[in-house]
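The values are calculated or read from the model by the stated rules, or taken from the named source; none is laboratory data. Note that the coordinates shown come from a computational prediction; the quantities given were computed from them, not determined experimentally. Quick reminder, even Gly has a Cβ in these numbers, built from the backbone with ideal geometry, and neighbours come from all protein chains shown. Each accessible area value is taken on the protein alone, full model and side chains, heavy atoms only, with ligands, DNA and RNA left out. Shrake-Rupley method; radii C 1.70, N 1.55, O 1.52, S 1.80 Å.
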Amino acid sequence: MLRGHRLGRRFGWLWGAYGTSALGTWLAFGAFPLIAVQVLHAGPAEVAALASAGAAVGAAVAVPLGPWVEFRRERPVLIAMDLARFAALLTVPAAYALGVLTYLQLLLVSVVVAAADITFRAASGAYVKALLPAEDLLVANARFESTAWTTTIIGPPLGGAAIGLLGPVATVAADAVSYLLSALGIRAMGGHEPRPEHRETPRMRAGDLLDGWRYVLADAALRPLFFNTALFNGLVMATQPLLAVLMLGRLGFAPWQYGLAFAAPSIGGLLGARLARPLVTRFGEHRVLVVAGALRAIWPVGLAFPGPGTSGLLLVMGVELGLIFCCGVFNPVHATYRLRRTATDRVARTLSAWAVTTKASTALLTAVWGVLGSLLGPRTAIGLAGALVLVTPLLLSRRAAPHLVEPQSAPSRT
């Protein structure tokens, strides 16, 4: 059903660009920590800071970029963010080749990439809403979701093989090239993009930085979804380092088994994304959003109970399969619902605020759960996070809100 629904040549270029950069990202998955450990001889605290501090500072840097994007053409912004990520990542293999690579450089590159990633997502959401009619948004988001899980399946094994043969710096270079190819693909889209309306005041004011949050918190439909996704994503991601410690350390799983436990269940994300549109057609958007959001919350607590051996590995894979399948259904429906509820002239600011909050909450909760894992042990800390995730469905609105009605011109699909 997803392949049979045509969305036009320009969306095809955008979709291809997204897939290329997503594959590059997964090829380089884990490359920065490996470089920090193997090349720069960094300790555990420095490796943890590279992930959490880089994301948190990148989110802070991205705060003023949301309002800035809103009053500019989105396609040049998308190209600029791709080129910024390309240039930043390319400095790593260049510095390595010259023998001048430092930990500070890795940290700065991670900040630039995180800020550019948030800005790219905000601009791409606004661009997709302007490019496609409302009835095609779910199909588009389901295709992005399918592509994300496909690259999750094939990227890490290929990246692991490349790291084994060529080293982690080579996969960073491949990631950089993927962003260059993405920029070229977006440039090849062509078509005319109208200039956004001018601001009433020519300069950005301090209050503009909070526009995205004000819009979300004032909307009775977006507000509960905002808190639900920030808390759910933060808690689930916060347990990943602890699960690695539990599986690779105390339970004695080999690295290939740990990778398999997360790569193979990603097939559930593909299936979920393909079922999202038929389920919405049959049961309605809001019902699917609430049910999938509730079902995805029941799985993470199971990650506190794996034992050693094959049975433990199968338990982790089963839990991840159920979680990822529910997320595969929820994510495109959530993205579509959010776009339809957001006014066209507020999309970039709203999506930017949403992404900044998600990144910041994930970084904060990861740091907190790192401390809890040290105090209570990884298994207890994972179980505590899973128990809190069970509460997140209470944040979902039980009543369907009408879609936002606003005058807009018919989008071009040429």
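Per-structure values
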| read-out | value |
| --- | --- |
| Whole-number accessible area per residue in Å² for the chain, which is evaluated in the context of all protein chains at 1.4 Å | 45 |
| Under the span-like rule (Cα at least 30 Å along the axis, Kyte-Doolittle mean at least -0.5), DSSP H helices of the chain | 74-98, 103-131, 137-166, 309-341, 347-376 |
| Gain upon complete extension [LEU390, LEU210; 0.36 nm per residue less C-alpha separation] | 61.8 nm |
| Estimated [θ] at 222 nm from DSSP helical runs (n ≥ 4, -39500 (n - 2.57)) normalised by residues in the chain, nearest 500 | -24500 deg cm²/dmol |
| Carbon plus sulfur fraction of accessible area for the chain, probe 1.4 Å, in percent | 69 |
| Pairwise label distance in nanometres, SER374 with ALA244, each label 7 Å out on the Cα-Cβ vector | 1.7 |
| Segment ALA264-VAL37, extension gain: residue separation times 0.36 nm, minus the distance between their alpha carbons | 79.0 nm |
| Convex hull volume per residue for the stretch 1-102, taking Cα atoms only, in Å³ | 155 |
| Percent breakdown of C-alpha pair distances by 5 Å bin, ordered from the shortest bin, for the stretch 299-344 | 5, 20, 19, 14, 11, 10, 8, 6, 4, 2, 1 |
| Contact order normalised by residue count of the stretch 261-414, Cα under 8 Å, 6+ apart, percent | 35 |
| Mean separation of Cα contacts under 8 Å, 6 or more apart, over the residue count of the chain: relative contact order % | 29 |
| Stretch gain in nm, segment VAL100-SER311, where the contour uses 0.36 nm per residue and the Cα spacing is subtracted | 71.3 nm |
| For the stretch 299-362 and the stretch 74-134, distance of Cα centres in Å | 22 |
| Residue list for the stretch 66-87, given a label point 7 angstrom along the Cα-to-Cβ vector of ALA343 and an amide N cut-off under 18 Å | 66-72 |
| Three-way shape call for the stretch 207-328 based on the alpha-carbon gyration tensor, with the a/c threshold at 1.5 | oblate |
| About the Cα centre, charge dipole magnitude for the chain (Lys/Arg +1, Asp/Glu -1 at Cβ), debye | 880 |
| Cα-based Rg of the chain normalised by 2.2 N^0.38 Å, two decimals | 0.96 |
